[in-house]
1. Test of understanding: what is the full-extension gain from Lys358 to Gln330, defined as 0.36 nm times their sequence separation minus their Cα-Cα distance?
2. Label points 7 Å out from Cα along the Cβ direction at Ala157 and Gln444: separation in nm?
3. If contacts are Cα pairs under 8 angstrom and at least 6 residues apart, what is the relative contact order of the chain in percent?
4. Using r as the Cβ-Cβ distance of Arg399 and Ser204, and R0 as 51 Å, what FRET efficiency do you calculate, to the nearest 0.05?
5. Just to confirm, what accessible area per residue do you get for the chain at 1.4 Å probe, in whole Å²?
6. With contacts defined as alpha carbon pairs under 8 Å and 6 or more residues apart, what's the relative contact order of segment 42-177 in percent?
7. Only one of the values (1) 132; (2) 279; (3) 148 was calculated from this structure for volume of the Cα convex hull per residue in Å³; name its label.
8. Of Ser117, Gly365, Ala393, which is farthest along the charge dipole of the chain in the positive direction, counting Lys and Arg as +1 and Asp and Glu as -1 at C-beta?
Amino acid sequence: MRAFEANFDGLVGPTHNYAGLSFGNVASQSNAQAVSNPKAAALQGLEKMWSVKQLGLPQGVLAPQQRPDIHTLKTLGFSGSDGQILQRAYDTAPHLLMACYSASSMWTANAATVSPSADSADHKVHFTPANLVNKFHRAIEHPVTGRILQATFADPAHFRHHAALPAHDMFGDEGAANHTRLCRDYGQSGVQLFVYGQHGSDPSQPKPQRYPARQTLEASQAVARLHQLDAARTVYLQQNPDVIDQGVFHNDVIAVGNQNVLFYHEQAFLDTEAKLAEIQDKFGDNKLHFIRVGTEQVSIDSAVRSYLFNTQILTLPSGEMVIVAPTECQDNTQVNQYLQSLVAAANPISNVLFYNVKQSMQNGGGPACLRLRVALTETELAAVNQATLLDAAQHQALRDWINGHYRDQLTLDDLRDPALLNESLTALDHLTQILKLGSVYPFQRN
């Protein structure tokens with residue numbers, strides 16, 4: 001039976017704004033309080049999805065979170081009408097208001113970790129929503145994320161959903177942004193790579209000093225157990241603490257893999273040579289392509305600013321392997337020169353496709369941040385909620401939805417406007433009808 005890697009991208013929500021909430025994310029912090037363009041952001045993300053679909057690959061859509069999160073503001077002691085709650089939070093705790101307005105769920109690489117049926121002992125596709133405990137504005141996402149995933153992958157004969165890990169620093173989990181799967185074919189058993197930033201239970205082990213390590217070894221091990229993975233085909237690698245301190249807040253900012261290719265910067269990991277040997281040993285006799293990028297070729301600063309590694313490596317129906325990169329990679333002379341040399345060299349990657357996702361990039365997320373990879377067989381793909389899969393009709397419906405509901409610009413001052421709350425809820429209610437999700441949002445369930 002044929003198998004595919006489907007990309008499920010997060011729709012950028014109606015409250016997309018630049019609050020600079022993500023300490024350790026250089027782009028997020030450097031663009032804090034800039035004027036955002038929610039409509040442009042959503043359309044940019046949608047057009048990237050449509051471009052991938054037109055390459056002949058399955059492309060899905062994941063709905064955004066309900067924002068603003070009035071319920072969380074109430075639990076933090078703000079009371080009154082919705083308008084009064086927004087104003088009081090704006091006046092006395094604007095950082096909390098900004099957190100409860102964040103549209104960060106667009107970066108669905110952090111939504112969950114996914115393991116395909118070929119790797120799981122029960123032969124089901126497993127999903128574990130990330131608890132994202134390191135950042136308050138993201139730690140409040142996982143209950144709704146879980147419901148959206150369950151509405152998208154609903155058939156219990158094929159899909160198994162787990163609760164997020166305990167909300168404790170020892171089990172800090174950032175989802176697929178720190179997870180890569182290597183395989184010969186998407187339908188065959190592969191090797192799953194879990195990259196962690198620090199040991200959650202042993203403070204004597206290496207860890208960054210300036211910025212937080214968001215993923216722990218203990219979280220990665222717990223997800224592997226939940227997903228019933230074979231230890232003989234699972235590898236745990238520690239991210240280099242020095243690059244975390246240079247703004248590499250997730251592994252997918254410094255490394256990315258697809259099928260038999262691991263594309264990584266030489267400073268990405270600790271004990272690199274030993275870990276690469278372990279990966280090759282667990283992969284078996286088939287050749288792996290370890291594409292190493294040296295510091296002299298691309299500096300850490302250039303990698304972070306361009307998001308060279310926060311790219312998608314896709315295998316097209318023809319078998320050709322291509323990179324989907326943000327236009328920032330094209331604009332960076334050092335990175336662009338490297339990419340041209342990459343596709344000319346003897347490796348499986350034959351082309352680079354550049355896409356404009358500037359609204360996301362300015363807030364700290366590139367093409368790889370915007371998508372959750374889900375390897376599916378033909379039968380499993382048919383069991384997915386078909387309304388969440390992009391085709392020409394859904395593409396047009398979502399374009400019309402964005403153009404009909406989104407503001408062109410948003411400032412931080414707009415966050416106290418009750419009209420923005422009403423616009424957002426109206427938009428999300430309409431979206432659940434388009435995607436046939438049912439009542440996944442709190443305002444629909446209360």
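The values are calculated or read from the model by the stated rules, or taken from the named source; none is laboratory data. Because the structure is predicted, anything quoted here is derived from the model rather than measured. Counting neighbours? That spans all protein chains shown, and the Cβs are built from the backbone with ideal geometry, glycine included. Note: accessible area is taken over every heavy atom of the protein model, side chains too, but ligands, DNA and RNA are not part of it. Shrake-Rupley method; radii C 1.70, N 1.55, O 1.52, S 1.80 Å.
1. Going from the current span to full extension adds 8.8 nm.
2. So the label points at Ala157 and Gln444 sit 2.5 nm apart.
3. Over the chain, the number comes to 24 percent.
4. That gives a FRET efficiency of 0.45.
5. 36
6. Relative contact order, segment 42-177: 23 percent.
7. So the calculated entry is the one marked (1).
8. Final value for the positive-end residue is Ala393.
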